[in-house]
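Have a look at the structure below, then the notes.
The values are calculated or read from the model by the stated rules, or taken from the named source; none is laboratory data. Note that this is a predicted model, so its numbers are computed, not measured. Cβ sites come from the backbone with ideal geometry, for glycine too, and all protein chains shown count toward neighbours. SASA here: full protein model, heavy atoms, side chains in, ligands and nucleic acids out. Shrake-Rupley method; radii C 1.70, N 1.55, O 1.52, S 1.80 Å.
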Amino acid sequence: MNAWKLNYTGKKPALKNPILVEGLPGIGHVGKIALDFIIDEIGAKKIAEFESYGYPHSVFVNEDDLVELPQIEVYAKQTKNGKDLLLLAGDIQPLDERSCYEFSDTVLDMAQQFGCSEIVTLGGIALKQIPKQPNIFLTGNNKEIVKEYQ
């Protein structure tokens, strides 16, 4: 039984050839910070949130000194270029290996239901020292797509 459930906050939007972009916290919270910025900048709308017992047993204290549970949410943005966006952002990642696989299965099921043509993940890597010239690294499972993104 999968411990992750996706709950839509309203009617599921009709998206054209969407690209799923994921940014969850990791090393330096790079992926999360980048995707949170993108969501705010383009005015993406929240369409769903994940529910699970696979969340860490923790809470966050917000700016109003209120306790909030960690969340993973899905946002959508329709574009004019023929590829809409699904944006997966959150405060945490699953706790253990099993939860990671179950979460990934749920995300892939969602991507398939929306007909996603690509999945992009954002993240950081740890370096021993801060580089003088920061760099962006790109990898993938398809040479043509990697070349297109370069």
Completion exercise
On the accessible surface of the chain, probed at 1.4 Å with all protein chains in place, carbon and sulfur together account for a percent value of 54
Fill in the blank from the handout: Per the 1/(1 + (r/R0)^6) rule, R0 = 35 Å and r from the Cβ atoms of D109 and N62, FRET efficiency to 0.05 is 0.70
Handout entry: Anchor K45: lysines whose Cα lies under 20 Å away (excluding residues fewer than 8 positions away in-chain)
Key = K5, K11, K12, K16, K32, K77, K80, K83
Problem - Within the range 1-85: Cβ-based charge dipole about Cα centre, in debye rounded to nearest 20 (Lys, Arg +1; Asp, Glu -1) - result: 720
Fill in the blank from the handout: Magnitude of the Cβ-charge dipole (Lys and Arg +1, Asp and Glu -1) of the range 99-150 about the Cα centre, nearest 20 debye, reported as 500
Problem - K128-K143 pseudo-label distance in nm [points 7 Å out on the Cα-to-Cβ vector] - result: 3.3
Completion exercise
From DSSP H assignment alone, runs of 4+ in the chain each adding -39500 (n - 2.57), the sum over residues rounded to the nearest 500 puts [θ] at 222 nm at -8000 deg cm²/dmol
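When all alpha-carbon pairs of the range 1-83 are counted, what percent fall beyond 22 Å?
36
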Handout entry: Coarse-grained scattering of the chain at q = 0.09, 0.12, 0.13 Å⁻¹, given as base-10 log I(q)/I(0) from a Debye sum over alpha-carbon atoms
Key = -0.31, -0.56, -0.66
Problem - Gaussian network model of the chain, Cα within-10 Å springs - most flexible of P94, P18, P131 - result: P131
Practice task
Between K46 and E73, with labels modelled 7 Å along Cα→Cβ, what's the label distance in nm to one decimal, could you check?
Solution key: 0.3
Problem - Computed lengthening from Y8 to R98, 0.36 nm per intervening residue step minus Cα-Cα distance - result: 30.0 nm
Practice task
Taking the Cα centre of the chain as origin, sum charge times position over the Cβ atoms of Lys and Arg (+1) and Asp and Glu (-1), and report the length of that vector in debye to the nearest 20.
Solution key: 700
Exercise for the section: Putting +1 on Lys and Arg Cβ atoms and -1 on Asp and Glu Cβ atoms, find which of Y55, A44, N141 reaches farthest to the positive end of the dipole of the chain. Expected result: N141
Exercise for the section: Give the range of the longest stretch in the chain that excludes all chymotrypsin sites (Phe, Trp or Tyr not before Pro) found in loop regions by DSSP and having at most 10 other beta-carbon atoms within 10 Å. Expected result: 54-136
Exercise for the section: Normalising by the residue count of the chain, find the relative contact order in percent from Cα pairs under 8 Å and 6+ residues apart. Expected result: 34
Problem - Accessible area per residue, Å², the chain with all protein chains present, probe 1.4 Å - result: 71
